[in-house]
1. So if I check each of ARG19, ARG51, ARG33, which one is surrounded by fewer than 16 Cβ atoms within 10 Å (Cβ to Cβ) and out of contact with any strand residue (DSSP E or B) (no Cβ under 6 Å at 6 or more places or on another chain)?
2. Report, by residue number, each residue of region 1-16 that is surrounded by 11 or more Cβ atoms within 10 Å (Cβ to Cβ) and in contact with a helix residue (DSSP H, G or I) (Cβ under 9 Å, 6 or more places away or on another chain).
3. I'd like the full set of residues that are of a type in the set (S, T, N, Q) and closer than 21 Å to ALA79 by Cα, limited to region 139-187.
4. Assuming GLY102 fulfils every condition listed in (1) surrounded by 11 or more Cβ atoms within 10 Å (Cβ to Cβ); (2) modelled with pLDDT of 95 or more apart from one, which condition is it?
5. Might you let me know whether region 86-102 holds any residue that is part of a loop (DSSP other than H, G, I, E, B) and over 22 Å from ASP56 (Cα atoms)?
6. Output yes when any residue across region 172-190 is in contact (Cβ under 8 Å) with a residue 40 or more places away in the chain, closer than 21 Å to GLN52 by Cβ and among the basic types (Lys, Arg), and no when none is.
7. So which residues in region 131-144 are more than 11 Å from the chain's Cα centre (by Cα) and either acidic (Asp, Glu) or at pLDDT below 95 (or both), if there are any at all?
8. So which residues in region 109-136 are of a type in the set (Asp, Glu) and surrounded by 11 or more Cβ atoms within 10 Å (Cβ to Cβ)?
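The values are calculated or read from the model by the stated rules, or taken from the named source; none is laboratory data. Here the structure is a predicted model, which is why all the values come from computation and not from measurement. Cβ coordinates were reconstructed from backbone atoms using ideal geometry, including for glycine residues, and neighbour counts include every protein chain displayed.
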Amino acid sequence: MPTQPYGPHVFPPELAEDRRRFLSVLKEKSYERRKVVLTSGRESDFYIDCRQSTLDAEGAVLTGRLFCSMLEQGERPQAVGGITLGADPIVTAVSITSVLRGWPVPAYIIRKEPKKHGTAQWIEGTKNLFTGMRVAILEDVVTTGASTLRAVERSVASGLVVVRVLCLVDRDEGGAQAVADAGYRIEPMFLREDVERA
């Protein structure tokens, strides 16, 4: 696991413009000041819907580039996965970009409940995985850390070894600590204030 102090990822100078541009996309398309009830059940006066940015054409390219840069620093996973629906465009973008960068990693998607017919499986993409495979969990937004821990638990239950956990935005509301208490470390691309200041 990476050992640098907790905080937003520090990108190399050549990615400074990609970082700035992605923050701009997130602020424009994903950040809203309004009262909402989050998935965790908490009420908040702001909302960050990263899917609006990761499903954008330019946003998808930047998602892949920036996450791959993060994954190249430290142990490179053999696969990347996350919980549907927020992680779907992220793991896809990373998998595609990894091929273009010469170190292809497959993506897998974790269901919120098992498939109701056929194999009744929790994970999609199992033909590309094997027992003991070292993987990274990718998240869009971390609030309480509950969904991140579910992704870790489902991956481990399927025989995978979770070696890294990355997120696009940490809302800084206790999720990173909850994940740390379980023995994992979240590596955020951005913190909430990065998006707010963009």
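1. None of the others qualify; the one that does is ARG33.
2. TYR6, PRO8, HIS9, PHE11, LEU15
3. SER147, THR148, SER155, SER158 - these are the residues of region 139-187 that are of a type in the set (S, T, N, Q) and closer than 21 Å to ALA79 by Cα.
4. Failed condition: (1).
5. Within region 86-102 (the criterion being part of a loop (DSSP other than H, G, I, E, B) and over 22 Å from ASP56 (Cα atoms)), the answer is yes, since at least one residue qualifies.
6. Within region 172-190 (the criterion being in contact (Cβ under 8 Å) with a residue 40 or more places away in the chain, closer than 21 Å to GLN52 by Cβ and among the basic types (Lys, Arg)), the answer is no, since none of the residues qualifies.
7. THR143, THR144
8. Within region 109-136, just GLU124 meets the criteria.
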